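Take a look at the structure below.
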């Protein structure tokens, strides 16, 4: 009997999709598994795990494969604030209704 993964189902599905997409990209670029593994400095077994979306493989190794595919810059966008709708909504709730100038300091006019 297989142990139940502690990861939520949506996370497992996302990793599976990521791995499949990486495999598709490798095939589109006509990179054999042996060459991909060599370029990413990983074993072919680890590459197979990545392409299946195995959560036991480190994020760094997923990143190495993405680098070989020319997609490493996408990792930096994963948790980018512009994709964080919940966080932005919470931040907007905390915006002040009014902004007051501090008393005692003259305001400086902006020259056009």
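For the chain, what is the mean residue ellipticity at 222 nm derived from helices alone (per DSSP H run of n ≥ 4: -39500 (n - 2.57); sum divided by total residues; nearest 500 deg cm²/dmol)?
Details: 5 runs with 55 residues, N = 112.
After summing the helix terms and dividing by residue count, I get -15000 deg cm²/dmol.
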Next on the checklist: Between [x] 33; [y] 24; [z] 51, which entry matches percent of Cα pairs over 23 Å apart as derived from the coordinates of this structure?
Outcome noted: [z]
Checklist outcome for this item: Ranked on Cβ counts within 10 Å of their own Cβ, fewest leading, 28, 39 go 28, 39
Checklist entry - If the chain between residue 85 and residue 99 were fully stretched, how many nm would it gain, using 0.36 nm times the residue separation less the Cα-Cα distance? => result 2.6 nm
Checklist entry - On a 0 to 90 degree scale, rounded to 10, what angle separates helix 59-68 from the longest Cα axis of the chain? => result 80
Checklist outcome for this item: Ordered by fewest other Cβ atoms within 10 Å, a rough proxy for footprinting exposure, 58, 16 read 58, 16
Checklist entry - Relative to the longest principal Cα axis of the chain, at what angle does helix 9-28 sit, 0 to 90 degrees, rounded to 10? => result 70
Next on the checklist: I want to check the label-to-label distance for residue 63 and residue 45. Put each point 7 Å from Cα in the C-beta direction and report it in nm to one decimal.
Outcome noted: 2.5
Item to check | Taking 65, 11 and counting other C-beta atoms within 10 Å, the order from fewest to most | outcome: 11, 65
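Readers should treat all values here as calculations from the given coordinates under stated rules, not as data from a laboratory. Bear in mind that the values here come from a model prediction, so they are computed numbers and not experimental data. Counting neighbours? That spans all protein chains shown, and the Cβs are built from the backbone with ideal geometry, glycine included.
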